[in-house]
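**Student:** I have a structure I would like to understand better, so I am pasting it below and will then ask my questions one at a time.
Please treat every number below as a calculation from the coordinates, not as lab data. All figures in this text were calculated on a predicted structure; none of them were measured in a lab. Note that we place each Cβ from the backbone using ideal geometry, even for glycine, and neighbour counts take in every protein chain shown.
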Amino acid sequence: MTPDELRAFCLDLNDATEEFPFTPETSVFKVAGKMFALSALDSEPLRVNLKCDPDEAVRLREEHPGVAPGYHMNKRHWNTVSVGELPDRMVRELVEDSYDLVVAGLPRTVRLRLDRP
């Protein structure tokens, strides 16, 4: 997966936006103002921080060397994923899972607007 493909995939999710609150090089992808992905898209290797269920986060780290505790994030809830070390399909699933976790924490009216009860 290329940086452009990662950006496009994140932005294709319902109501997703890209912001640069930290540095011009760090893309922060949000839904309803809440972050679900963070990446320096021009970095080598390409990495992305993604929210994850705590138990699933531990399992992923144990099974995949390309998944580590979230860099500069709450390590219980965030993973740093080395994009090139995992299949593209898995990266897309992890991005979707992160997005879904964030949406699940939003108020019901916002979830319904996003068509995700």
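To keep it simple, each residue is scored yes or no on (1) within 11 Å of the chain's Cα centre (by Cα); (2) closer than 20 Å to Ser27 by Cβ; (3) aromatic (Phe, Trp, Tyr).
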site: Lys51; (1), (2), (3): yes, yes, no
site: Pro54; (1), (2), (3): no, no, no
site: Glu62; (1), (2), (3): no, no, no
site: Val67; (1), (2), (3): no, yes, no
site: Gly70; (1), (2), (3): yes, yes, no
site: Val81; (1), (2), (3): yes, yes, no
site: Leu86; (1), (2), (3): no, yes, no
site: Leu94; (1), (2), (3): yes, yes, no
site: Val103; (1), (2), (3): no, yes, no
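**Student:** Here is a further query. Quick check: is even one residue across the stretch 83-103 touching a Ser or Thr at 6+ places or on another chain (Cβ under 9 Å), within 16 Å of Met1 (Cβ to Cβ) and in contact (Cβ under 8 Å) with a residue 12 or more places away in the chain?
**Tutor:** The answer is yes; a qualifying residue exists.
**Student:** If you don't mind, there's one more thing I want to ask. Considering only the stretch 12-42, state which residues are exposed (fewer than 13 other Cβ atoms within 10 Å of the Cβ) and in a loop (DSSP other than H, G, I, E, B).
**Tutor:** Matches in the stretch 12-42: Asn14, Phe20, Pro21, Phe22, Thr23, Pro24, Glu25, Gly33, Asp42.
**Student:** Could you tell me whether any residue of the stretch 36-59 is touching a residue at least 60 places away in the same chain (Cβ under 8 Å), in contact with a strand residue (DSSP E or B) (Cβ under 9 Å, 6 or more places away or on another chain) and closer than 23 Å to Pro107 by Cβ?
**Tutor:** yes
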